[in-house]
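Participant: One structure coming up, written as structure tokens, with questions to follow.
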Amino acid sequence: NFDYIGRGGVSMRAYFDRVHGANAYKSAVVANFPNLFLVFGPRGQAGANTLGSIEFGQDHIVRVLTFMRDNNLASLEVKEEVSQAYN
């Protein structure tokens with residue numbers, strides 16, 4: 001079993017317990033886990049539209065990485081309140 005460790009040493013499992021369930025902004029980034037990009041993360045669409053959901057997530061990741069490069073940023077993460085509102 002694998003668990004990501006984020007800001008402050010908090011595991012993703014513990015974070016999801018605290019926020020009452022697994023969620024990710026646009027199914028691609030999780031608050032408190034800077035520079036972690038998921039291709040098919042929590043709350044992604046399964047079933048007939050799986051490929052569309054993966055493409056949507058990848059597009060978001062490319063936009064974020066481009067923004068980071070263009071603005072000389074070493075780290076970026078979604079704000080927790082933005083992620084919660086999205087989910």
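The values are calculated or read from the model by the stated rules, or taken from the named source; none is laboratory data. All of these numbers come straight from a predicted model, not from anything done at the bench. Using ideal geometry, Cβ is built from the backbone for each residue, glycine included, and neighbour counts are taken over all protein chains shown. Remember, those area values only see protein heavy atoms, side chains included, never the ligands or the DNA or RNA. Shrake-Rupley method; radii C 1.70, N 1.55, O 1.52, S 1.80 Å.
Participant: Can you list residue pairs whose Cβ atoms sit under 8 Å apart, with the first residue in region 6-30 being more than 23 Å from residue 60 (Cα to Cα) and the second being open to solvent by less than 60 Å² (accessible area, probe 1.4 Å) and at pLDDT below 90? Count only pairs 6 or more apart in sequence or on different chains.
Facilitator: Partner pairs satisfying both residue conditions: 11/3; 13/3.
Participant: Could I ask something else about it? Mind counting the residues in region 1-44 that are outside any loop (DSSP other than H, G, I, E, B), of a type in the set (A, V, I, L, M, F, W, C) and either at pLDDT below 90 or open to solvent by 60 Å² or more (accessible area, probe 1.4 Å) (or both)?
Facilitator: Our first condition is that a residue be outside any loop (DSSP other than H, G, I, E, B); within region 1-44, this holds for 5, 7-9, 11-18, 25, 29.
After this cut, where a residue has to be of a type in the set (A, V, I, L, M, F, W, C) as well, the list is 5, 12, 14, 16, 29.
Okay, now just the ones that are also either at pLDDT below 90 or open to solvent by 60 Å² or more (accessible area, probe 1.4 Å) (or both), so 5, 29.
Within region 1-44, residues that are outside any loop (DSSP other than H, G, I, E, B), of a type in the set (A, V, I, L, M, F, W, C) and either at pLDDT below 90 or open to solvent by 60 Å² or more (accessible area, probe 1.4 Å) (or both) number 2.
Participant: Could you list all residues from region 45-75 that are at pLDDT below 80 and either surrounded by fewer than 16 Cβ atoms within 10 Å (Cβ to Cβ) or not polar (S, T, N, Q) (or both)?
Facilitator: Within region 45-75, the subset at pLDDT below 80 is 45-57.
The answer is 45, 46, 47, 48, 49, 50, 51, 52, 54, 55, 56, 57.
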